[in-house]
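The values are calculated or read from the model by the stated rules, or taken from the named source; none is laboratory data. Note that the structure is a prediction, hence the values are computed from the model and not measured. With ideal geometry, Cβ positions are generated from the backbone for all residues, glycine too; neighbour counts draw on all protein chains shown. When the accessible area is computed, the model is the full protein with side chains, heavy atoms only, and any ligands, DNA or RNA have been set aside. Shrake-Rupley method; radii C 1.70, N 1.55, O 1.52, S 1.80 Å.
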Amino acid sequence: MCDVCGCGDPARTKLVQVDVGASLLSKNDRDALVLRQRFRELGITALNLMGSPGSGKTALLEATARALGGQRLSAVSGDLATTHDADRLTRAGLTSAPITTGTACHLDAAMVGRALQDHPLLGESMGHSDYFFIENVGNLVCPAIYDLGQQANVVALAVTEGVDKPLKYPVMFKNADLVVLTKTDLLPYLPDISVAAILDNLARVMPKPRMIQLAATRDQGLQEWLAWLQEQRDQVLAVGPAKPTAELLRRASRGLRPVAKGIG
Amino acid sequence: MSLVDALFDQVDRALEPHPQARLCHVRVRIGELAGVEPELFRTAFEGLRQERRYPGAALELVWQEALWRCLLCQTTVDHGDFLQCPACGGAAQLCQGDGIYLDHLELEVPDV
(Lines give C-alpha, C1' and ligand atoms only; values in the text may rest on other atoms or scores of the structure.)
Protein backbone atom coordinates (compact mmCIF):
# COMPACT_ATOMS: atom_id res chain seq x y z
CA MET A 1 0.00 0.00 0.00
CA CYS A 2 1.01 3.58 -0.52
CA ASP A 3 3.27 4.70 2.31
CA VAL A 4 3.97 8.15 0.89
CA CYS A 5 0.74 10.12 1.41
CA GLY A 6 -1.43 7.50 3.15
CA CYS A 7 -4.06 7.54 0.38
CA GLY A 8 -4.53 3.78 0.52
CA ASP A 9 -3.77 3.15 -3.15
CA PRO A 10 -1.63 0.15 -4.04
CA ALA A 11 2.02 1.25 -4.09
CA ARG A 12 3.29 1.74 -7.62
CA THR A 13 6.78 0.54 -8.20
CA LYS A 14 8.98 -0.32 -11.15
CA LEU A 15 12.04 -2.48 -11.60
CA VAL A 16 15.30 -0.78 -12.48
CA GLN A 17 18.24 -2.69 -13.96
CA VAL A 18 21.72 -1.50 -13.03
CA ASP A 19 24.83 -2.83 -14.76
CA VAL A 20 27.84 -2.47 -12.48
CA GLY A 21 30.72 -4.64 -13.74
CA ALA A 22 33.07 -3.86 -10.84
CA SER A 23 35.63 -6.14 -9.27
CA LEU A 24 34.95 -6.94 -5.63
CA LEU A 25 38.67 -6.48 -5.09
CA SER A 26 38.70 -2.92 -6.40
CA LYS A 27 39.13 -1.30 -2.98
CA ASN A 28 42.05 -3.58 -2.15
CA ASP A 29 43.50 -2.93 -5.59
CA ARG A 30 43.42 0.82 -4.93
CA ASP A 31 45.08 0.34 -1.53
CA ALA A 32 47.72 -1.86 -3.17
CA LEU A 33 48.38 0.77 -5.81
CA VAL A 34 49.16 3.30 -3.08
CA LEU A 35 51.52 0.82 -1.40
CA ARG A 36 53.21 -0.07 -4.68
CA GLN A 37 53.79 3.57 -5.52
CA ARG A 38 55.21 4.18 -2.04
CA PHE A 39 57.55 1.19 -2.37
CA ARG A 40 58.75 2.64 -5.67
CA GLU A 41 59.36 6.02 -4.11
CA LEU A 42 61.41 4.41 -1.37
CA GLY A 43 63.30 2.31 -3.92
CA ILE A 44 62.55 -0.81 -1.89
CA THR A 45 62.01 -4.30 -3.27
CA ALA A 46 58.75 -5.62 -1.81
CA LEU A 47 58.09 -9.35 -1.98
CA ASN A 48 54.97 -11.26 -0.95
CA LEU A 49 55.99 -14.60 0.57
CA MET A 50 53.19 -17.14 0.72
CA GLY A 51 52.81 -20.85 1.42
CA SER A 52 51.17 -23.43 3.65
CA PRO A 53 51.56 -23.31 7.41
CA GLY A 54 54.89 -24.98 8.12
CA SER A 55 56.22 -24.64 4.59
CA GLY A 56 59.30 -22.83 5.86
CA LYS A 57 58.56 -19.19 5.11
CA THR A 58 60.03 -17.85 8.35
CA ALA A 59 63.04 -20.15 8.16
CA LEU A 60 63.70 -18.91 4.62
CA LEU A 61 63.74 -15.30 5.83
CA GLU A 62 65.95 -16.20 8.79
CA ALA A 63 68.44 -17.83 6.42
CA THR A 64 68.22 -14.80 4.14
CA ALA A 65 69.07 -12.53 7.06
CA ARG A 66 72.05 -14.71 7.96
CA ALA A 67 73.28 -14.57 4.39
CA LEU A 68 72.72 -10.84 3.88
CA GLY A 69 73.80 -9.66 7.28
CA GLY A 70 70.29 -8.69 8.37
CA GLN A 71 70.95 -4.99 8.08
CA ARG A 72 68.98 -4.14 4.97
CA LEU A 73 65.82 -6.15 5.51
CA SER A 74 62.37 -5.23 6.75
CA ALA A 75 59.36 -7.49 7.14
CA VAL A 76 55.84 -7.93 8.35
CA SER A 77 54.52 -11.34 9.37
CA GLY A 78 50.86 -12.26 9.18
CA ASP A 79 49.61 -14.67 11.80
CA LEU A 80 46.12 -15.45 13.08
CA ALA A 81 46.97 -15.53 16.77
CA THR A 82 50.63 -15.08 17.69
CA THR A 83 53.63 -12.87 17.05
CA HIS A 84 56.01 -15.84 16.97
CA ASP A 85 57.13 -15.41 13.36
CA ALA A 86 57.72 -11.66 13.67
CA ASP A 87 59.66 -12.30 16.90
CA ARG A 88 61.83 -14.87 15.11
CA LEU A 89 62.56 -12.40 12.32
CA THR A 90 63.47 -9.68 14.79
CA ARG A 91 65.88 -12.06 16.51
CA ALA A 92 67.33 -12.90 13.10
CA GLY A 93 68.15 -9.24 12.54
CA LEU A 94 65.28 -7.99 10.37
CA THR A 95 63.24 -4.96 11.34
CA SER A 96 59.90 -6.71 11.59
CA ALA A 97 56.41 -6.28 12.92
CA PRO A 98 53.52 -8.70 13.34
CA ILE A 99 50.12 -8.42 11.73
CA THR A 100 47.73 -10.41 13.89
CA THR A 101 44.74 -11.13 11.70
CA GLY A 102 42.39 -12.85 14.14
CA THR A 103 40.00 -14.83 11.97
CA ALA A 104 41.26 -13.52 8.63
CA CYS A 105 43.20 -16.15 6.72
CA HIS A 106 45.15 -13.70 4.56
CA LEU A 107 46.67 -10.23 4.50
CA ASP A 108 45.16 -7.42 2.47
CA ALA A 109 46.74 -4.15 1.40
CA ALA A 110 45.03 -2.12 4.11
CA MET A 111 46.46 -4.40 6.82
CA VAL A 112 49.97 -3.92 5.45
CA GLY A 113 49.52 -0.16 5.24
CA ARG A 114 48.23 -0.02 8.83
CA ALA A 115 51.15 -2.12 10.08
CA LEU A 116 53.60 0.31 8.54
CA GLN A 117 51.81 3.21 10.21
CA ASP A 118 51.44 1.51 13.59
CA HIS A 119 55.07 0.43 13.92
CA PRO A 120 57.21 3.57 13.59
CA LEU A 121 60.49 1.64 13.68
CA LEU A 122 59.36 -0.43 10.74
CA GLY A 123 58.11 2.59 8.82
CA GLU A 124 61.40 4.34 9.49
CA SER A 125 63.48 1.33 8.45
CA MET A 126 61.73 1.21 5.08
CA GLY A 127 63.67 4.29 4.01
CA HIS A 128 67.00 2.48 4.20
CA SER A 129 66.07 -1.14 3.54
CA ASP A 130 66.75 -2.92 0.28
CA TYR A 131 64.05 -5.55 0.75
CA PHE A 132 60.65 -5.58 2.39
CA PHE A 133 59.27 -9.08 2.91
CA ILE A 134 55.56 -9.53 3.47
CA GLU A 135 55.28 -12.93 5.10
CA ASN A 136 51.67 -13.82 4.49
CA VAL A 137 49.40 -15.96 6.66
CA GLY A 138 50.05 -19.66 6.13
CA ASN A 139 47.37 -20.63 3.61
CA LEU A 140 47.40 -21.76 -0.03
CA VAL A 141 44.16 -20.09 -1.15
CA CYS A 142 43.14 -16.62 0.01
CA PRO A 143 46.55 -14.88 0.22
CA ALA A 144 46.90 -15.29 -3.54
CA ILE A 145 43.80 -13.19 -4.17
CA TYR A 146 44.95 -9.96 -2.55
CA ASP A 147 47.45 -7.63 -4.17
CA LEU A 148 49.72 -6.15 -1.50
CA GLY A 149 51.68 -3.80 -3.73
CA GLN A 150 54.50 -6.33 -4.05
CA GLN A 151 56.96 -6.51 -6.89
CA ALA A 152 56.82 -10.31 -7.00
CA ASN A 153 55.08 -13.28 -5.40
CA VAL A 154 57.13 -16.08 -3.89
CA VAL A 155 55.54 -19.37 -2.83
CA ALA A 156 57.33 -21.64 -0.38
CA LEU A 157 56.49 -25.29 -0.97
CA ALA A 158 57.95 -27.91 1.37
CA VAL A 159 58.93 -31.30 -0.04
CA THR A 160 56.81 -32.86 2.72
CA GLU A 161 53.65 -31.38 1.19
CA GLY A 162 53.57 -33.87 -1.67
CA VAL A 163 53.93 -33.38 -5.40
CA ASP A 164 50.40 -32.35 -6.33
CA LYS A 165 49.94 -29.13 -4.36
CA PRO A 166 50.22 -27.02 -7.56
CA LEU A 167 47.29 -28.91 -9.08
CA LYS A 168 45.22 -28.71 -5.90
CA TYR A 169 45.85 -24.99 -5.39
CA PRO A 170 46.20 -23.54 -8.91
CA VAL A 171 45.19 -20.03 -7.87
CA MET A 172 48.23 -19.75 -5.62
CA PHE A 173 50.73 -21.14 -8.12
CA LYS A 174 49.22 -19.28 -11.09
CA ASN A 175 50.18 -16.03 -9.39
CA ALA A 176 53.66 -17.11 -8.30
CA ASP A 177 56.75 -15.55 -9.86
CA LEU A 178 58.96 -18.01 -8.03
CA VAL A 179 58.42 -21.26 -6.15
CA VAL A 180 60.97 -22.09 -3.47
CA LEU A 181 61.04 -25.82 -2.78
CA THR A 182 62.05 -26.00 0.87
CA LYS A 183 63.35 -28.68 3.25
CA THR A 184 65.12 -30.48 0.42
CA ASP A 185 67.47 -32.04 2.98
CA LEU A 186 64.53 -34.34 3.77
CA LEU A 187 64.30 -35.71 0.23
CA PRO A 188 66.43 -38.80 0.99
CA TYR A 189 63.76 -39.83 3.51
CA LEU A 190 60.84 -39.24 1.14
CA PRO A 191 61.13 -41.85 -1.61
CA ASP A 192 57.71 -41.00 -3.07
CA ILE A 193 58.52 -37.32 -3.62
CA SER A 194 59.82 -36.56 -7.08
CA VAL A 195 61.11 -33.08 -7.81
CA ALA A 196 60.49 -33.74 -11.52
CA ALA A 197 56.82 -34.47 -10.77
CA ILE A 198 56.50 -31.19 -8.85
CA LEU A 199 58.00 -29.33 -11.79
CA ASP A 200 55.66 -31.13 -14.19
CA ASN A 201 52.64 -30.09 -12.12
CA LEU A 202 53.87 -26.52 -11.83
CA ALA A 203 54.09 -26.24 -15.61
CA ARG A 204 50.34 -26.96 -15.82
CA VAL A 205 49.29 -24.06 -13.60
CA MET A 206 52.14 -21.56 -13.59
CA PRO A 207 52.60 -19.64 -16.85
CA LYS A 208 56.37 -19.19 -16.44
CA PRO A 209 57.40 -21.95 -14.05
CA ARG A 210 60.49 -21.19 -12.05
CA MET A 211 61.54 -23.16 -8.99
CA ILE A 212 64.62 -23.24 -6.84
CA GLN A 213 65.48 -25.82 -4.19
CA LEU A 214 66.99 -25.21 -0.78
CA ALA A 215 67.22 -26.30 2.83
CA ALA A 216 67.07 -23.04 4.77
CA THR A 217 67.85 -24.29 8.25
CA ARG A 218 71.03 -25.89 6.92
CA ASP A 219 71.89 -22.92 4.68
CA GLN A 220 71.96 -25.31 1.73
CA GLY A 221 71.17 -24.06 -1.77
CA LEU A 222 70.78 -20.42 -0.78
CA GLN A 223 72.92 -19.06 -3.60
CA GLU A 224 70.21 -19.42 -6.24
CA TRP A 225 67.69 -17.77 -3.94
CA LEU A 226 70.05 -14.89 -3.22
CA ALA A 227 70.74 -14.51 -6.94
CA TRP A 228 66.99 -14.30 -7.61
CA LEU A 229 66.64 -11.66 -4.89
CA GLN A 230 69.44 -9.69 -6.52
CA GLU A 231 67.62 -9.92 -9.88
CA GLN A 232 64.56 -8.36 -8.25
CA ARG A 233 66.73 -5.73 -6.60
CA ASP A 234 68.45 -4.89 -9.87
CA GLN A 235 65.08 -4.26 -11.50
CA VAL A 236 64.26 -1.68 -8.83
CA LEU A 237 67.68 -0.07 -9.04
CA ALA A 238 67.50 0.12 -12.85
CA VAL A 239 64.28 2.13 -12.67
CA GLY A 240 65.29 4.25 -9.67
CA PRO A 241 62.98 5.73 -7.06
CA ALA A 242 59.73 7.08 -8.44
CA LYS A 243 58.61 10.62 -7.85
CA PRO A 244 55.56 11.01 -5.63
CA THR A 245 52.31 10.94 -7.55
CA ALA A 246 49.66 13.61 -7.32
CA GLU A 247 47.52 11.24 -5.27
CA LEU A 248 50.23 10.66 -2.72
CA LEU A 249 51.04 14.34 -2.53
CA ARG A 250 47.36 14.96 -1.88
CA ARG A 251 47.39 12.37 0.91
CA ALA A 252 50.49 13.96 2.37
CA SER A 253 48.88 17.41 2.28
CA ARG A 254 46.01 15.99 4.36
CA GLY A 255 48.41 15.42 7.24
CA LEU A 256 49.47 11.86 6.55
CA ARG A 257 53.07 10.82 7.01
CA PRO A 258 55.63 12.47 4.71
CA VAL A 259 55.90 10.58 1.47
CA ALA A 260 59.66 10.07 1.70
CA LYS A 261 59.56 8.45 5.15
CA GLY A 262 57.74 5.23 5.90
CA ILE A 263 54.27 4.42 4.80
CA GLY A 264 51.05 6.14 5.69
CA MET B 1 33.37 -12.75 4.36
CA SER B 2 35.49 -9.72 3.43
CA LEU B 3 34.53 -10.16 -0.22
CA VAL B 4 30.84 -10.17 0.66
CA ASP B 5 31.39 -7.03 2.71
CA ALA B 6 33.06 -5.51 -0.35
CA LEU B 7 30.05 -6.59 -2.42
CA PHE B 8 27.61 -4.80 -0.12
CA ASP B 9 29.86 -1.72 -0.07
CA GLN B 10 29.55 -1.59 -3.85
CA VAL B 11 25.80 -2.16 -3.65
CA ASP B 12 25.56 0.77 -1.21
CA ARG B 13 27.34 2.99 -3.71
CA ALA B 14 25.25 1.81 -6.65
CA LEU B 15 22.06 2.56 -4.72
CA GLU B 16 23.05 6.11 -3.76
CA PRO B 17 21.07 7.58 -6.70
CA HIS B 18 18.05 5.48 -5.63
CA PRO B 19 17.55 6.17 -1.91
CA GLN B 20 14.07 4.58 -1.83
CA ALA B 21 15.04 1.48 -3.76
CA ARG B 22 14.65 -2.06 -2.54
CA LEU B 23 17.38 -4.42 -3.69
CA CYS B 24 15.78 -7.46 -5.33
CA HIS B 25 18.52 -9.30 -7.15
CA VAL B 26 22.32 -9.35 -7.26
CA ARG B 27 24.36 -11.09 -9.95
CA VAL B 28 27.99 -11.90 -9.19
CA ARG B 29 30.44 -13.52 -11.60
CA ILE B 30 33.05 -15.80 -10.05
CA GLY B 31 36.02 -17.00 -12.05
CA GLU B 32 37.26 -20.56 -11.76
CA LEU B 33 40.67 -19.22 -10.68
CA ALA B 34 39.36 -16.43 -8.48
CA GLY B 35 40.05 -18.45 -5.37
CA VAL B 36 36.45 -18.09 -4.20
CA GLU B 37 34.22 -21.01 -3.26
CA PRO B 38 30.71 -20.15 -4.52
CA GLU B 39 28.76 -21.94 -1.81
CA LEU B 40 30.80 -20.31 0.95
CA PHE B 41 30.25 -16.97 -0.75
CA ARG B 42 26.50 -17.63 -0.82
CA THR B 43 26.48 -18.61 2.85
CA ALA B 44 28.30 -15.40 3.76
CA PHE B 45 25.89 -13.38 1.60
CA GLU B 46 22.87 -14.88 3.34
CA GLY B 47 24.47 -14.28 6.70
CA LEU B 48 25.23 -10.62 6.03
CA ARG B 49 22.33 -9.35 3.91
CA GLN B 50 20.06 -8.66 6.90
CA GLU B 51 22.81 -6.80 8.73
CA ARG B 52 23.56 -4.79 5.60
CA ARG B 53 19.87 -3.81 5.23
CA TYR B 54 19.11 -5.88 2.16
CA PRO B 55 17.01 -8.68 3.69
CA GLY B 56 15.06 -9.52 0.54
CA ALA B 57 17.98 -9.61 -1.88
CA ALA B 58 18.48 -12.75 -3.93
CA LEU B 59 21.93 -13.77 -5.09
CA GLU B 60 22.69 -15.24 -8.51
CA LEU B 61 26.17 -16.63 -9.00
CA VAL B 62 27.54 -17.03 -12.50
CA TRP B 63 30.52 -19.36 -12.86
CA GLN B 64 33.17 -18.37 -15.38
CA GLU B 65 35.59 -21.02 -16.54
CA ALA B 66 39.27 -20.24 -16.82
CA LEU B 67 40.47 -19.75 -20.38
CA TRP B 68 44.14 -19.90 -21.34
CA ARG B 69 45.25 -18.76 -24.79
CA CYS B 70 48.56 -18.58 -26.58
CA LEU B 71 49.98 -15.07 -26.47
CA LEU B 72 51.25 -15.41 -30.04
CA CYS B 73 48.62 -17.29 -32.07
CA GLN B 74 45.57 -17.26 -29.73
CA THR B 75 45.24 -21.07 -29.73
CA THR B 76 43.36 -22.28 -26.65
CA VAL B 77 45.24 -24.41 -24.15
CA ASP B 78 43.11 -27.18 -22.66
CA HIS B 79 42.53 -27.59 -18.93
CA GLY B 80 45.28 -29.59 -17.27
CA ASP B 81 47.74 -29.26 -20.15
CA PHE B 82 51.11 -27.57 -19.91
CA LEU B 83 50.68 -23.81 -20.20
CA GLN B 84 52.41 -23.73 -23.53
CA CYS B 85 50.75 -23.44 -26.90
CA PRO B 86 50.24 -26.86 -28.54
CA ALA B 87 50.48 -25.24 -31.97
CA CYS B 88 53.43 -22.84 -31.82
CA GLY B 89 55.00 -23.36 -28.40
CA GLY B 90 54.23 -19.82 -27.23
CA ALA B 91 53.47 -19.00 -23.61
CA ALA B 92 49.86 -19.20 -22.51
CA GLN B 93 48.08 -16.28 -20.90
CA LEU B 94 44.96 -16.39 -18.76
CA CYS B 95 42.21 -14.55 -20.63
CA GLN B 96 39.30 -15.00 -18.26
CA GLY B 97 38.28 -16.70 -15.06
CA ASP B 98 40.50 -15.15 -12.41
CA GLY B 99 38.25 -12.43 -11.04
CA ILE B 100 35.11 -11.86 -9.01
CA TYR B 101 32.76 -9.14 -10.20
CA LEU B 102 29.50 -7.51 -9.24
CA ASP B 103 27.86 -7.60 -12.66
CA HIS B 104 24.26 -6.53 -12.22
CA LEU B 105 21.61 -5.33 -9.77
CA GLU B 106 17.84 -5.32 -10.00
CA LEU B 107 16.08 -2.70 -7.87
CA GLU B 108 12.48 -1.98 -7.09
CA VAL B 109 11.87 1.77 -6.95
CA PRO B 110 8.73 3.90 -6.42
CA ASP B 111 7.07 4.72 -9.75
CA VAL B 112 6.15 8.36 -9.29
Could you run through the stretch A:98-133 and say how many residues are without any contact (Cβ under 8 Å) to a residue 60 or more places away in the chain, of a type in the set (A, V, I, L, M) and closer than 16 Å to residue A:48 by Cβ? 5
So, residue B:108, is that one acidic (Asp, Glu) and over 14 Å from the mean Cα position of the chain (by Cα) or not? yes
Could you please find all residues in the stretch B:52-79 being closer than 30 Å to residue B:90 by Cα and among the basic types (Lys, Arg)? B:69
May I ask you to list the residues in the stretch B:7-38 that are at the interface with chain A (Cβ under 8 Å from one of its Cβ atoms) and touching a helix residue (DSSP H, G or I) at 6+ places or on another chain (Cβ under 6 Å)? B:33, B:35
Members of the stretch B:16-37 that are assigned to a strand (DSSP E or B), open to solvent by 20 Å² or more (accessible area, probe 1.4 Å) and closer than 30 Å to residue A:143 by Cα: B:25, B:27, B:29
Can residue B:102 be described as open to solvent by less than 40 Å² (accessible area, probe 1.4 Å), assigned to a loop (DSSP other than H, G, I, E, B), in contact with a helix residue (DSSP H, G or I) (Cβ under 7 Å, 6 or more places away or on another chain) and within 23 Å of residue A:143 (Cα to Cα)? no
Heads up, the helices (runs of 4 or more DSSP H) in the stretch A:32-141 (entirely inside) with at least 2 residues that are more than 27 Å from residue A:159 (Cα to Cα) are A:109-118, A:120-125
Scan the stretch A:35-42 and give yes if some residue there is crowded, with 23+ Cβ neighbours inside 10 Å and touching a His at 6+ places or on another chain (Cβ under 8 Å), otherwise no. no
Residue that is within 9 Å of chain A (Cβ to nearest Cβ) and not small (Gly, Ala, Ser), where the choices are B:94, B:67, B:72, B:61: B:94
Residue B:79: passes all of (1) touching a strand residue (DSSP E or B) at 6+ places or on another chain (Cβ under 8 Å); (2) free of Cβ contacts under 8 Å to residues at least 60 places away in the same chain but (1)
What's the total number of residues in the stretch A:212-230 that are in contact (Cβ under 8 Å) with a residue 40 or more places away in the chain, open to solvent by 20 Å² or more (accessible area, probe 1.4 Å) and not β-branched (Val, Ile, Thr)? 2
Over the stretch A:127-180, the set of residues among the aromatic types (Phe, Trp, Tyr) and within 14 Å of another protein chain (Cβ to nearest Cβ) is A:146, A:169, A:173
Residues that are within 15 Å of the chain's Cα centre (by Cα), acidic (Asp, Glu) and surrounded by fewer than 19 Cβ atoms within 10 Å (Cβ to Cβ), drawn from the stretch A:143-198: A:177
When you go through (1) within 14 Å of chain B (Cβ to nearest Cβ); (2) closer than 18 Å to residue A:177 by Cα one by one for residue A:36, which number turns out not to apply? (1)
Here the residues within the stretch B:39-56 that are within 13 Å of another protein chain (Cβ to nearest Cβ), surrounded by 13 or more Cβ atoms within 10 Å (Cβ to Cβ) and either in a loop (DSSP other than H, G, I, E, B) or within 14 Å of the chain's Cα centre (by Cα) (or both) are B:41, B:45
Go through (1) more than 9 Å from chain A (Cβ to nearest Cβ); (2) farther than 30 Å from residue A:199 by Cα; (3) aliphatic (A, V, I, L, M) one by one and return the number of the condition residue B:87 breaks. (2)
Which is open to solvent by less than 30 Å² (accessible area, probe 1.4 Å) and of a type outside the set (Asp, Glu), of B:95, B:73, B:85? B:85
